[in-house]
Amino acid sequence: MSDLSHATIEAIKLLCSGDAEIWEIIILSFSVSLRAIVIAAPVAILIAFCLAYFNFTGRRFLISLFNTAMAIPAVVVGLTLYLLLSNVGPLGSLRLLFTQEAMIMGQVLLCFPLLVALSHASLQATDRSSWETAITLGAHPLRAILTVLNEARFALMAAIIAAFGRIIAEVGSSMMVGGNILHYTRNIPTAIALETSKGTFAQGIALGIVLLLLALTLNLFISYIQGRGESSS
C-alpha cells in the first residue's frame, strides 16, 4: 500500500473516530467564519441595496471599488491587518493580534466586497416596481427595503453562501493574524498548511476532505436555491 493510500485511510479513521483535535479545529473554523458572515452580511446587503436603488455622486466609483476589492489576495488583507494590529501599529493597543477576533476581522474584510458585489448584482435584477409601489403606498422605507430583499432572497442567500465558502478556505489572512495557535486560532486551512509542512499528511487529508465535502454541499445548496428562485419567478 502506498504512503498516500495509507495516509488517506488514516485520515478517514481520524474523522470517523471523532478525534478531539481534528473536530476542535473544524468547529473553530466554522465558528470564526460564521461569525464573520453574520457581521458582514447585513451591512454589505444594505450597501448593495443603496448602490442598486439610489443614484448619488460616487456611486459608480464605489461599485468599481467593490468589484476590484474582490480580487485582493487574502495574504494582502492579512498583511495589512497585521501591520495595523501589531505592537507598533495604530491599533496595537487593542491587543487583538493572534486572536480569533483578529481572524474574524480579516475574514470580514475578505468577504465584504464579495457580498456587496454579488448582492448588488442580485438586487439590480429585481423588479423596481416593488420598491416604487411600496413607497407610493406610504410604506415605511425599512418595510419597503425588506419587501425588495424578500424578492431577491434566493440570490442573496447564494451570495452569502459563496462568501462563506471563500473565507472558510482562506489561509493567508488567518495564518498572519491568527498565528495558527493550537486550541485557539488553528483552523482548517492553517492546520492543513502546518501538517503538510511537517510531512504528516493524515490530519491534513482529513481536514481537506472536510473542505471538499463543504464545497460540494455549498455548491449543491446554491444550485438548489437558484432553482427555487427560478421556479418562484
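Relative to the longest principal axis of the Cα atoms of the chain, the long axis of helix 3-16 lies at roughly 60 degrees. Each residue of the range 29-39 was assigned a 3J(HN,Hα) from its phi angle through the Karplus expression (A = 6.51, B = -1.76, C = 1.60, θ = phi - 60°), giving 4, 5, 4, 5, 5, 5, 5, 5, 5, 4, 6 Hz with x at Gly and Pro. Exposure proxy ranking for Thr57, Thr196, based on other Cβ atoms within 10 angstrom of each Cβ and starting from the fewest, stands as Thr57, Thr196. Arranged from fewest to most other beta-carbon atoms within 10 Å of their beta carbon, Tyr53, Tyr184, Tyr82 become Tyr184, Tyr53, Tyr82. Rounded to the nearest Hz, the phi-derived 3J(HN,Hα) couplings of the range 188-199 under the Karplus curve 6.51 cos²θ - 1.76 cosθ + 1.60 (θ = phi - 60°) are 4, x, 5, 5, 4, 4, 5, 5, 5, 5, 7, x, where x marks glycine and proline.
Dimensions of the range 3-77 along the principal axes, based on C-alpha atoms and rounded to the nearest Å, stand at 60, 25, 19, largest first.
Count charges around Ile72 for me, please; just the other residues with Cβ under 15 Å from its Cβ, Lys/Arg as +1, Asp/Glu as -1. Present the calculation step by step, with values, prior to reporting the outcome.
On the way: positive: Arg166; negative: Glu170.
So the surrounding residues net to 0.
Does the chain classify as rounded, prolate or oblate by the C-alpha gyration tensor (a ≥ b ≥ c root eigenvalues; a/c under 1.5 gives rounded; else a/b over b/c gives prolate, otherwise oblate)?
Working: a/c = 2.80, a/b = 1.61, b/c = 1.74.
Since a/c reaches 1.5 but b/c is at least a/b, the shape of the chain is classed as oblate.
Estimated from helices alone, the mean residue ellipticity of the chain at 222 nm is -26000 deg cm²/dmol (sum of -39500 (n - 2.57) over DSSP H runs with n ≥ 4, per residue). Taken one residue at a time, the phi angles of the range 86-96 give Karplus couplings (6.51, -1.76, 1.60, θ = phi - 60°) of 5, 4, 8, x, x, 10, x, 5, 6, 6, 9 Hz. Gly and Pro are set to x. The long axis of helix 100-124 is offset from the longest Cα principal axis of the chain by roughly 40 degrees.
So, counting K/R as plus one and D/E as minus one, what does the shell of residues with Cβ under 14 Å around Cys111 add up to? List each step's numbers first, then the result.
Values: positive: Arg35, Arg166; negative: Glu170.
Summing Lys/Arg as +1 and Asp/Glu as -1 gives +1.
Ranked by how many other Cβ atoms sit within 10 Å of their own Cβ, fewest first, the residues Ser122, Ser86 fall in the order Ser86, Ser122.
Every read-out reported here was derived from the displayed coordinates using simple, explicitly stated rules and does not represent laboratory data. The structure displayed is predicted, hence computed values, not measured ones. Cβ sites come from the backbone with ideal geometry, for glycine too, and all protein chains shown count toward neighbours.
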